[in-house]
Amino acid sequence: MRSKIVAGNWKMNLTFAEAETLVDDILDLFDDQDEMNCEIIICPPLPYLELLTDYEFDEQQFNVGAQNCSAYDKGAYTGEVSAKILKSIDVDYCIVGHSERRKYFGETNEVLAEKINRLIENNMSPIYCVGEVLEEREAGRHFEVVKEQLEKGLFHLDGDAIYDTIIAYEPVWAIGTGKTATPEQAQEMHAFIRSMVKERYDEATADEIRILYGGSCNAQNATELFSQPDVDGGLIGGASIKANDFVSICQQASVIGKE
Ligand code: PEP
């Protein structure tokens, strides 16, 4: 049985003081809950990673993820942060290929494949994002687009490395728009992704790999999305910087994870 994951992507939001307050608020809310039956990953802006990794979490286990890393291993790449540097401060996860990086920073599937390689070399888990833009869905090309993103960005990994990877299906038209994919649309694409993993690797790998949904997932729609058989949790943007909403989403994932 795959355990659910809720990953919060804070993006380029919050001052340091606001980040501290958010973490305190989230922890206070968790204190009132039973231990969550889901994995939680928080991906803050880079300078706040250590704020999270330094926390002494009691009952509730949090994992910390970066939002990006360099495709290079080390050296004269001013402004870049390598997977090795992230790992050295106990960061175990990293988002790769978020649509905002593909769009605003021109990241191609080929560059993303290199980032994934650096993460795997450093025993980190990539959270690899795939998803189509609205025109592609309207043209009925969404499966084709996601297939190419998987084949070029991820499927070069061997059978062992793929086990450490999480896939996030994020239809670009749903990110930050308030326009969520229907549970049926999410399930259809997640089942397609899982079938691709089975075809490229094997059935056991397809059964194990976690596929998250992202795109205007919030406290109101989390349960119906996470209840779909191939949806293993969510990558949450806007709602992850609201303590009540984020904890509610985690709690919903936890309840479904127990069923
Ligand atoms: C995201 O950016 O990964 C995301 C899912 O954002 P939002 O939840 O705000 O749509």
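The values are calculated or read from the model by the stated rules, or taken from the named source; none is laboratory data. Predicted model, so just to flag it, every value in this text is computed and none were measured. No Cβ is skipped: glycine too gets one built from the backbone with ideal geometry, and neighbour counts run over all protein chains shown. What goes into the accessible areas is simple: the full protein's heavy atoms, side chains included, and nothing from ligands, DNA or RNA. Shrake-Rupley method; radii C 1.70, N 1.55, O 1.52, S 1.80 Å.
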Restrict the check to segment 109-130 and report whether at least one residue is open to solvent by 60 Å² or more (accessible area, probe 1.4 Å), farther than 25 Å from ILE89 by Cα and polar (S, T, N, Q). no
Only one of these is among the hydroxyl-bearing types (Ser, Thr, Tyr), modelled with pLDDT of 95 or more and farther than 19 Å from ARG101 by Cβ: TYR163, TYR169, TYR213, TYR201. Name it. TYR201
Pairs please, first residue from segment 120-135 and of a type in the set (S, T, N, Q), second anywhere and within 16 Å of the ligand (Cβ to nearest atom) and part of a strand (DSSP E or B), Cβ atoms under 9 Å, 6+ apart in sequence or on different chains. SER125/ILE41; SER125/GLY65; SER125/TYR93; SER125/CYS94; SER125/ILE166
Taking into account only those residues within segment 135-160 that are assigned to a loop (DSSP other than H, G, I, E, B) and aliphatic (A, V, I, L, M), which is farthest from ARG101 (Cα to Cα)? ALA139
List every residue pair whose Cβ atoms lie under 8 Å apart, where the two residues are 6 or more positions apart in sequence or sit on different chains, the first residue falls within segment 166-190 and is closer than 22 Å to PRO126 by Cβ and acidic (Asp, Glu), and the second residue, located anywhere, is at pLDDT 95 or above and within 10 Å of the ligand (Cβ to nearest atom). GLU170/HIS98; GLU170/SER99; GLU170/CYS129; GLU170/GLY131; GLU170/TYR213; GLU170/GLY214; GLU170/GLY215; GLU170/LEU235
